[in-house]
Structures are given as structure tokens and as C-alpha cells.
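Okay, structure first, notes after.
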Amino acid sequence: MKKLRLILGDQLNSQHSWLEEVDENTIYLMAEMRQETDYVKHHIQKVVAFFLSMRNFSSELQSKGHEVVYFKISSENNLHDLEKIITTCVEEHNITKFEYQLPDEYRLDTQLKTICSNLKIETKAFDTEHFYTSRNELTEFFEGKKLLLMENFYRMMRKKHHVLMKGSQPEGDQWNFDKDNRLKYKGQDPIPNAATFNQNVEELLEELEKADVTTFGKINVKNFNWPTSRKECLEQLDYFCKNLLIHFGDYEDAMHTDEKFLFHSRLSFAMNSKMLSPKEVVETVVAFYHKNQDEIAISQVEGFVRQVLGWREYVRGIYWKEMPNYSKMNELENQNKLPDFYWTGKTKMNCMQKSISQSLEEAYAHHIQRLMIIGNFSLLTQMHPDDVDAWYLGVYIDAIEWVELPNTRGMSQYADGGILATKPYVSSGSYINKMSNYCASCHYKVKDKFGDKACPFNTLYWNFLDEKKHYFANNQRMGMMLNMLKKMNPDELAKINEKAHHIIENLDQY
Ligand code: FAD
Ligand code: SF4
């Protein structure tokens, strides 16, 4: 029997049981395909990071004695379409059995099922052995429940996997230290320099250019700095534990003009490509905390565990529970188009300028920039969720649909009508001013609601609540905001609405 085993670009799990033994009758298939570079316009760093990691993974497999058929983007015999590549390989290598690991994206899941039904040989799907949860675990956990509260799911996960537990009780006698994790960053704790990998990616860029792959964003050709092998990913994890964990929770929600990364781990690409598993990340971080408990507070480590064991598994579960309808939802019926400055960063709003420019330069923004700056602005200006989704799916190094979509369409744009978040994440300028130093050097005045220099977030916020209030009539968590809106002077509100419409219609002037 000759087996063909497919490994997709985000299935670079060198710990997978497939790879425990070398079998001379098994061929591993990997391909850099146009169907993957073109389903959305990607940031150049995202394409480079995936292709470099795939090449490193293939070399690692070959060095261990596995046979790999690898199609580079520049290979002349690359057919660039998954079905054609698989069918041709099956014929050329006299394959009698095709195996694949369950993809995490609905689009690829559907495609692979079709491919298998068209193949005339035996086929079999395997688990990726990456996540803590199976695809349907969240659906089963919330069976019969109206609210899919992340906190309930997270506590179940802590107990089930015995993470930060003392018997049946949470370590530190509290499940959640969110309240301690809201410090503003004022330079009080020095941020160590980032871990460096400094790869020269000239050759790959030439290949991409020759293949005419269209991308956007910037890249440092001689110093590409994302980890693209298991060894480098482990280095990044080690770096995080030794340098950043100590203040991870403190500044989780902070933003600063001079600090793009603060104390964030930048481990999302390493995990989403599956070079690191969430379990080894959580276990390493918790073990490091236990060894250094006199220096590191529980609030730092619990904040991190909540993101990986909680949020990451939770959004994956929501994705599989709600797809395929989720990707079309637009409960608030938003219709506007993204302005040009989402691709240039040229805007007078300092918070947007910094967050977008950083996204274009680094293919990275941290959670609060994604949620409370760019996402908040997109929702307040009532952008169509399809456009917002496409932008987020393209721009970030870690953007794969299973994690991008629930975060963007659900958490950030409330386009799912509250499946994921109990209320929309919108705010005026005052929240941004509380959590960052952006406003101090902005063209606009964060305290003003009217006038040429009024902070657009203020104007847009009240206009959003006013225009969308009927969608939230039964939402108790919006009650306070809607009461404040009701008490507003009607003339003032009319002026706000007029200004908001001017902003929305002339976004590139702002
Ligand atoms: P850290 O702040 O160091 O957090 C540690 C890890 O926790 C991350 O690496 C990530 O794996 C996990 N995590 C944290 N928050 C979330 C979350 N909400 N959902 C899932 N995992 C989480 N994350 C992606 O991996 N891919 C995306 O495409 C993506 N799109 C997003 C879009 C929007 C609008 C928002 C609000 C968030 C999005 N996130 C996405 C979640 C989060 O912003 C990123 O995981 C995080 O910024 C990655 O940087 P980091 O590794 O330094 O994270
Ligand atoms: Fe952003 Fe308004 Fe602050 Fe300017 S004043 S940085 S636009 S929140």
C-alpha cells in the first residue's frame, strides 16, 4: 500500500503521531498554492512567514528520513490547485490511500471532502492533535444554554485540564484577575528588546514577485523577524516566559505610541501554524510561573492562560458551531466601505494612525488595538462586516479564518447579534485616553464632542447608539448607555448626528 499524506500550511505540527515513525511507503505532500495566496489579499509578511515555515518543516521531515513531495510557489510543475495537485500525485506515485488532517477552515474542510469523494482510492481524515478541544466540544458544552458565556467555558477548561488549580479550587482563590489587568503604560516598567530571528528573505520575495502574487504591507527583507521553525518558536516562548510574563497581565489592555508590542507574547503565529501546541505553551508558562512565584504574580499568568486555554479554544468552538452562516451575518445591517487610510495609515486620528501603520509595518497589532481602536472605529462608522473581515484576514500574521472570523465579525463588529459578545465593544475617546497616550499628541481633542477638533470617536459613538438603538432595545447590558442617550439634549444630539454623517461621508479627510 502506498500512502499520500497531505500537510497544509497551518498544520506544521512536528509532534503529530503521523511522524513518530518513518515509513518508506508514505509520501508527505506540501504545496505553496495560488489558491491560498489569492483567497484574500494578504500582508507580505504573512505569506512569507507561512511559506518559510512550510519549507523549514519540510526540511525537518526530510532530515528525519520522511519522503516529502514539496511544490514551491515557483515550481514549474506546481498546479496551484489542491484538487489537481492531489489527483496528479495520486496518479504519478501509484497511491492507494489518501490521508489528511482535519482542516481548521470551513472552506478547506468542504474542499477536502469533495476531493475525497472524487478520488477513486481509500481516504481517511485524522485529527490535527493540536487543540485542547475537538471541533464540537463547545457545542456540546453549551447544549440547551441560551448564553454561550466564555467565562463558563473557561472554568470548565481549567478544571478539565487541571490548569492553575489547587484541587477543585482555582489557584489564587479567584478564577479571573481581569480587574488587575488594566494598567496604563507610562514607561514605568522597561520593556526588553524583542527576541530576534533576523532572516534574509530576498530569495523568497523574488519568487513571489516572479509568480505575480499580489500582497500589501511592508517587510524588512534582510531582517525578517517572525519565528518560522519549531526551534525559533520555542525560543520565542522561552523569551516570553523570561522577559514578558512578569507584566503580561498588568499591561494587557494598554496602548502606547512608542511601544508596538508591550508585554504581548507574539506567539499567535507559532501556535496558529501549529509549530507550537497550546498545551505546551500553557504548561511551559505555568511551570515557569510556579518556579518564579516570588517574582511573578498569579494575575499575570492567569491573564495569559485565559487567552490561550479560554479565548482561543472558545472562538474555535464558536466557529465550528456557527459556520457556514456565521461568515454572512450582518445583524446591524452595516453597509459602509473602508476608507483608503486602512491601507496607508494616513489619518489625523493618532490612535488609528498608530494602530494601522503598525499593522502595515509589522503584520501585527495587539488585541486592544485590534478591538478598541480599529474594530471600534469600523463599527462606529458602520462598515460592512465583509470588508472589515477581509481586511483583518489579510493584514495580520496570525489571521486564519477559524480565529479571525469570530473575533472580527463577532467580538469586534457584533455582526452575529451577540452570539459571542453580550454587548458591542464600542467606546468614545475617553476609553482610549484612559488606556493609552495616543490622545496627548493627537490633532483632535479627546474631551470635545463638537467643533472642528472634536475627537471623531466621541461624535461617532453617540451617533452609533442613536442610529442602532432599536437593535439593543432588549439588551440589558446596553441599558445604562441608552439611558444616557435618552437624557441627551435633542439639539446637541442633532448636531452630533450631523457631524457624524460628515465624518462617515468624508472619512479620508479625518
Ligand atoms: P497575546 O496577547 O500574547 O496573547 C497570547 C495568546 O492568546 C495569543 O497568541 C493567542 O493565541 C491567544 N489569544 C488572545 N486573545 C485571543 C482571542 N480573542 N482569540 C483567540 N486567541 C486569542 N488572533 C489570531 O490568532 N488570529 C486572528 O486572525 C485574530 N484576529 C483578531 C481580530 C480582532 C478584531 C480581534 C479583536 C482579535 C483578534 N485575534 C486574533 C485575537 C488576538 O488579538 C491575537 O491573538 C493576539 O493579538 C495575538 O498576539 P499575541 O500572540 O502577542 O497575543
Ligand atoms: Fe483617537 Fe480621539 Fe484620542 Fe485622537 S483624541 S487619539 S482620535 S481617541
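The values are calculated or read from the model by the stated rules, or taken from the named source; none is laboratory data. In this text, all values refer to a predicted model and were calculated from it rather than measured experimentally. A quick note on method: Cβ atoms are made from the backbone with ideal geometry, for glycine too, and the neighbour counts reach across all protein chains shown. Just the protein is used for accessible areas: all its heavy atoms, side chains included, with ligands, DNA and RNA removed. Shrake-Rupley method; radii C 1.70, N 1.55, O 1.52, S 1.80 Å.
Which whole-angstrom value gives the distance between the alpha carbon centres of the range 359-381 and the range 1-38?
34 Å
State to the nearest 20 debye the size of the charge dipole of the chain about its Cα centre, where the only charges are +1 on K and R beta carbons and -1 on D and E beta carbons.
Dipole size: approximately 1620 debye.
Using alpha carbons only, how many degrees (0 to 90, rounded to 10) separate the axis of helix 490-505 from the longest principal axis of the chain?
With rounding to tens, the tilt is 40 degrees.
Any chance you could give the angle, 0 to 90 degrees and rounded to 10, that helix 150-160 forms with the longest Cα principal axis of the chain?
It is inclined by approximately 40 degrees.
Treating cross-link reach as a plain straight distance, find the aspartates and glutamates whose alpha-carbon is under 12 Å from the alpha-carbon of K210, omitting any fewer than eight places away in the same chain.
E76
Take N94, project a point 7 Å from its Cα along the Cβ direction, then tell me which residues of the range 8-26 have their backbone nitrogen under 20 Å from it.
Inside the label zone: 23-26.
Got a number for carbon plus sulfur as a percent of the range 138-207's accessible area, 1.4 Å probe?
The computed percentage sits at 47.
Which whole number in µm²/s is D for the range 325-369 by Stokes-Einstein, with the Kirkwood Rh taken over Cα pairs at 25 °C and 0.890 mPa s?
Once the numbers are plugged in, D ends up at 200 µm²/s.
Cα centroid distance between the range 126-144 and the range 391-464, in Å?
What the calculation gives is 30 Å, centre to centre.
I'd like the accessible area for K445, computed on protein heavy atoms only with a 1.4 Å probe and all protein chains in place. Round to 10 Å², please.
110 Å²
What net charge is computed for the residues neighbouring E36, neighbours being all others with C-beta under 11 Å from the C-beta of E36, Lys and Arg scored +1, Asp and Glu -1?
Overall, the nearby charge balance is -2.
Given H placed on each backbone N at 1.01 Å, which residues far from N336 in sequence or on other chains put an amide H within less than 5 Å of it?
Here the answer is M383, H384, since their amide H atoms fall under 5 Å of that of N336.
Using a 7 Å offset from the Cα along the Cα-to-Cβ direction at both Y471 and K328, what is the distance between the two label points in nm, to one decimal?
About 1.8 nm separates the two model spin labels.
Could you compute how much accessible surface H384 exposes when probed at 1.4 Å, giving the result in Å² to the nearest 10?
The accessible area of H384 comes to roughly 40 Å².
I'd like to know which of Y314, Y100, N136 lies farthest towards the positive end of the charge dipole of the chain, counting +1 on Cβ of Lys and Arg and -1 on Cβ of Asp and Glu.
Y314
Excluding same-chain residues fewer than 8 positions from K486, which aspartates and glutamates have a Cα within less than 18 Å of its Cα?
Within the straight-line cut-off, K486 pairs with D466, E467, E498.
Considering the options A287, N78, M349, tell which one lies farthest towards the positive end of the dipole of the chain, charges being +1 on Lys and Arg and -1 on Asp and Glu at the Cβ, about the Cα centre.
Most positive-ward Cα: M349.
Rounded to the nearest 20 debye, what is the charge dipole size of the range 137-322 about its Cα centre when +1 sits on each Lys and Arg Cβ and -1 on each Asp and Glu Cβ?
Approximately 520 debye in magnitude.
On full extension of the chain, what length is gained from K2 through H290, given 0.36 nm per residue of separation minus the C-alpha to C-alpha distance?
Extra length available between K2 and H290 comes to 98.9 nm.
If you line up the long axis of helix 44-63 against the longest principal axis of the chain, both from Cα atoms, how many degrees apart are they, to the nearest 10?
Value to nearest ten degrees: 30.
Bin by bin, in steps of 20 Å, what percent of the Cα pairs in the chain do you find, going until the bin that has the longest distance?
21, 55, 23, 2
In terms of the Cα gyration tensor, with a ≥ b ≥ c the square roots of its eigenvalues, is the range 431-470 rounded because a/c is under 1.5, prolate because a/b exceeds b/c, or oblate?
oblate
Give, as ranges by residue number, the residues of the range 276-300 whose backbone N falls under 19 Å from the point 7 Å along Cα→Cβ of E235.
276-277, 281
5 Å is the cut-off here: which amide hydrogens, built 1.01 Å from N in the peptide plane, fall below it relative to F71, excluding neighbours closer than 5 in sequence?
M30, A31, E32
Apply 1/(1 + (r/R0)^6) to the Cβ-Cβ distance of A440 and K495, taking R0 = 35 Å, and write down the FRET efficiency to the nearest 0.05.
The pair A440/K495 has a calculated efficiency of 0.85.
So how many Å³ per residue does the convex hull of the Cα atoms of the range 328-509 work out to?
109 Å³
Which residues in the range 86-122 have a backbone N closer than 12 Å to a point placed 7 Å from the Cα of N77 along the Cα-to-Cβ line?
88-94
Find the centroid of the Cα atoms in the range 184-234 and in the range 301-330, then give the distance between the two in whole Å.
26 Å
Take the cross-link list K146/K468; K231/K260; K160/K274; K41/K145; K218/K279 and give me the ones stretching past 26 Å between alpha-carbons.
From K146/K468; K231/K260; K160/K274; K41/K145; K218/K279, over 26 Å: K41/K145; K218/K279.
For the chain, what does -39500 (n - 2.57) per DSSP helix run (n ≥ 4), summed and divided by total residues, give at 222 nm, in deg cm²/dmol to the nearest 500?
When only DSSP H runs of four or more count, the value is -11500 deg cm²/dmol.
I'd like the Karplus ³J(HN,Hα) series for the range 473-479: coefficients 6.51, -1.76, 1.60, θ = phi - 60°, whole numbers in Hz, and an x wherever there's a Gly or Pro.
Calculated HN-Hα couplings, in order: 3, 9, 9, 4, 5, 9, x Hz.
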